[in-house]
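Okay, so here's the structure we're looking at.
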Amino acid sequence: MKAQRQAKIMEIITDSNIETQEQLLAALQESGFSCTQATVSRDIKELRIVKELTPMGTYRYTAAADKSDVFSSRLNTIFRECVTNYDHAQNIVVIKTMPGLADAACSTVDAMNLSVVVGSLAGDDTALIVMRDNAAAAAFCAEIKKLLG
């Protein structure tokens, strides 16, 4: 449940201008997650979410500036907790997730801005990652295997 909640938090702050923990808590509750402000506060710390100044002079939650650590942590969490299977066919990687979490997996991969990733497409429980070539797809699957142990 924690991994799903944290994946949803990342989705919410990516898609919305969330200025306060209370707004984030309300958005989580609207999405069907039952949690407290203290839980949201711990999640913000674990995910290394920070506030940034927007062009309109307000602040909003966003991923921390040191993206490599955040993405690595998010990938580890999402993949360890949510990925049920994965494979590649030529330059396409197919990742099967728990229901509703393929979008979080794609969003995390996209946010890494890897030069070998052409793009991604998410369904409910299936993520398609299009890689530049077959070798990149094989290497990406090897990384997933390391994450899953």
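Here is how the numbers come out for the structure above:
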{"item": "Of all residues making up segment 85-125, the number that are within 22 Å of Gly149 (Cα to Cα), touching a strand residue (DSSP E or B) at 6+ places or on another chain (Cβ under 6 Å) and open to solvent by less than 40 Å² (accessible area, probe 1.4 Å)", "result": "7"}
{"item": "Pairs with Cβ under 7 Å, 6+ apart, first in segment 89-107 and at negative phi and hydroxyl-bearing (Ser, Thr, Tyr), second open to solvent by 10 Å² or more (accessible area, probe 1.4 Å) and assigned to a strand (DSSP E or B)", "result": "Thr97/Val83; Thr97/Thr84"}
{"item": "Spans of strands (runs of 3 or more DSSP E) in segment 77-149 with at least 1 residues within 15 Å of the chain's Cα centre (by Cα) and not β-branched (Val, Ile, Thr)", "result": "92-97, 117-122, 126-131"}
{"item": "Qualifying residue in segment 12-31 (condition: modelled with pLDDT of 85 or more, closer than 25 Å to Phe140 by Cα and not in a strand (DSSP E or B))", "result": "yes"}
{"item": "Options Val50, Val40; residue that is in contact with a helix residue (DSSP H, G or I) (Cβ under 9 Å, 6 or more places away or on another chain), over 27 Å from Ala142 (Cα atoms) and at pLDDT below 90", "result": "Val50"}
{"item": "Pairs where the first residue, in segment 129-148, is modelled with pLDDT of 90 or more and charged (D, E, K, R) and the second is part of a loop (DSSP other than H, G, I, E, B) and open to solvent by 40 Å² or more (accessible area, probe 1.4 Å), C-beta under 6 Å, 6+ apart", "result": "Arg132/Val116; Asp133/Asn91"}
{"item": "Filtered residue count, segment 47-61, keeping only those that are of a type in the set (D, E, K, R), outside any strand (DSSP E or B) and either over 16 Å from Ile12 (Cα atoms) or open to solvent by less than 80 Å² (accessible area, probe 1.4 Å) (or both)", "result": "0"}
{"item": "Lone unmet requirement of (1) within 25 Å of Arg132 (Cα to Cα); (2) at pLDDT 85 or above; (3) among the aromatic types (Phe, Trp, Tyr) for Tyr59", "result": "(1)"}
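The values are calculated or read from the model by the stated rules, or taken from the named source; none is laboratory data. On a predicted model such as this, the values are computed, not experimentally measured, just so you know. Backbone-built Cβ (ideal geometry, glycine too); neighbour counts: all protein chains shown. When the accessible area is computed, the model is the full protein with side chains, heavy atoms only, and any ligands, DNA or RNA have been set aside. Shrake-Rupley method; radii C 1.70, N 1.55, O 1.52, S 1.80 Å.
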